[in-house]
Amino acid sequence: MSSVFFSIIYYKRVNIFISFFYRGLQLMKILGIFGGIEKSSIEFGTSNLPIKIADCPDKFKFFRKITAMWYYKYENFHVCLPRITLIYFIMKKTRLIFSLAFATLLAVGCSKDKENDGGENPPVSTYTIVNNGNAGVTSITDTEDAMALRVVQAVPAVENVDYPRTVPVLLFFDDKILLSSFEDGGIQVTQDGNEIGGKVYINEGANGYAIMTFVPTETFTANKNIVVNLTGIQDDGGNEIEGGVFSLTFDTNEQNMGAFDGNGDFSSTDGVLFLGDGNIINDQSCLSSGSSYAAITSGDMLVSAGEAIGGASSIMILGEIDSDISSLTFDYNFLSAEFDEYVGSQFDDSVIMTVVGPNNAYSEFITSVNTVGTAGNTECITFQNMPDTGDDFSGATGWITKTINFSNVGSPAYVIFTVTDVADQIYSSVLAVDNVSY
């Protein structure tokens with residue numbers, strides 16, 4: 001059914017289109033054989049600009065030609081309409097017999113769609129690319145680069161291990177990404193073999209390289225197998241990903257975490273889930289906030305009995321949050337044994353924050369070793385088990401307050417913090433979080 005209402009709009013007179021659209025809705029009710037138009041099928045921007053501009057799908061070429069001919073006399077706008085709305089105009093301008101013939105044709109098409117998918121709507125499998133910063137490029141600029149693009153870190157990183165269904169997918173690259181290479185099958189995410197869509201965030205690391213976060217349109221279902229494939233993705237030099245294909249596979253589970261509401265000071269474990277090495281701590285170290293706080297590390301058994309995922313990453317999930325949230329404020333302190341000797345290197349241990357809900361998702365790069373630099377940290381060697389790997393120095397940023405604004409994600413919502421080693425599994429980093437509010 002979703003294909004029936006696949007609508008892509010290109011226009012100059014938005015008031016004319018809106019009028020036509022609502023007339024189409026009225027006819028839909030009269031016919032009584034079609035469901036509602038999907039929310040994602042039409043998006044509006046400001047009063048005079050659309051949000052999405054694209055070509056009509058090839059499968060609608062016949063309808064596109066009719067629509068183009070129909071409005072040729074107006075000369076100054078072109079509308080590629082949903083088929084249900086097109087029926088309205090055909091009935092308006094032609095004899096009833098032709099209109100009924102078109103309606104019958106479409107009804108048969110809908111019936112075939114239902115037969116193919118067991119009567120249920122297929123999952124939306126479109127991918128929206130959101131480029132934050134300069135790590136996603138629109139053209140090939142580095143013509144001297146001949147090295148294949150590589151994924152240097154992935155989260156989740158261990159196959160045959162179950163992860164909560166709310167977990168996002170993070171991929172750290174060793175270069176910038178050519179955004180157009182995500183089109184035409186560049187990314188494919190499946191859940192038990194069925195393709196699903198979602199948002200692909202391209203954030204810029206401190207080294208200028210791309211950090212990709214994938215969040216599904218609808219939260220993953222528990223007890224499913226997730227496969228993420230990148231095929232032919234290119235860097236800013238036009239070089240494809242190493243081997244032509246990158247694949248990540250993991251399984252999901254259901255985690256009953258309780259409610260996080262009211263636990264922003266981490267006075268309990270309610271609504272807090274650690275994957276890897278994480279814990280709630282109340283200490284008097286150089287990382288202390290003066291009360292309890294949450295900490296996750298990129299190492300093994302630094303703050304708990306757990307080991308970092310793949311020896312490099314840990315995740316903290318906060319939720320359920322049973323309120324509509326569009327902003328998040330928290331305090332954080334970033335500690336790393338990478339300071340100061342590896343500042344400016346590829347070993348850019350990083351922190352990513354992701355918010356997911358039934359209506360939306362958002363991901364943002366928070367900080368990293370290279371972002372902080374040598375001037376942004378002070379020695380901190382009294383935190384438990386740090387520095388590790390035989391190093392004699394670790395530095396911390398001190399407590400920093402961060403506020404992030406985003407579109408309302410709906411409820412229940414989940415907030416996910418990830419800390420990861422990049423390009424290695426040694427010289428660990430620690431993210432401490434406290435005073436979360438929304």
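Computed from the coordinates by the stated procedures, all read-outs in this text should not be read as laboratory data. Keep in mind that what you see is a predicted model, and the values were worked out from it rather than measured. Cβ atoms come from the backbone with ideal geometry, glycine included; neighbour counts cover every protein chain shown.
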Quick query: amide H of GLY306 versus all other amide H atoms, modeled in the peptide plane; which residues come in under 5 Å with a sequence gap of 5 or more or a different chain? GLY278, MET301
May I ask you to evaluate 6.51 cos²θ - 1.76 cosθ + 1.60, the Karplus curve with θ = phi - 60°, for each residue of region 396-402 and list the ³J(HN,Hα) values in order in whole Hz, giving x for glycine and proline? 9, 7, x, 6, 10, 8, 10
Most exposed first by the Cβ proxy, i.e. fewest other Cβ within 10 Å, how do CYS380, CYS286 rank? CYS286, CYS380
Residue order, fewest to most surrounding Cβ atoms within 10 angstrom, among MET301, MET353: MET301, MET353
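Of SER437, SER428, how do they rank once you tally other Cβ atoms within 10 Å and put the fewest first?
With the fewest neighbours first, SER437, SER428 line up as SER437, SER428.
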How big is the charge dipole of region 280-419 about its Cα centre, in debye rounded to the nearest 20, if each Lys and Arg gets +1 on its Cβ and each Asp and Glu gets -1 on its Cβ? 420 debye
With the dipole of region 324-401 defined by +1 on each Lys or Arg Cβ and -1 on each Asp or Glu Cβ, the option from GLY357, GLY344, PHE334 whose Cα lies farthest towards the positive pole is GLY357
Cross-link partners of LYS402 among aspartates and glutamates (Cα-Cα below 12 Å; sequence separation of 8 or more within a chain): ASP331, GLU364, ASP434
Charge dipole (debye, nearest 20) of region 204-285; +1 at Cβ of Lys and Arg, -1 at Cβ of Asp and Glu: 200 debye
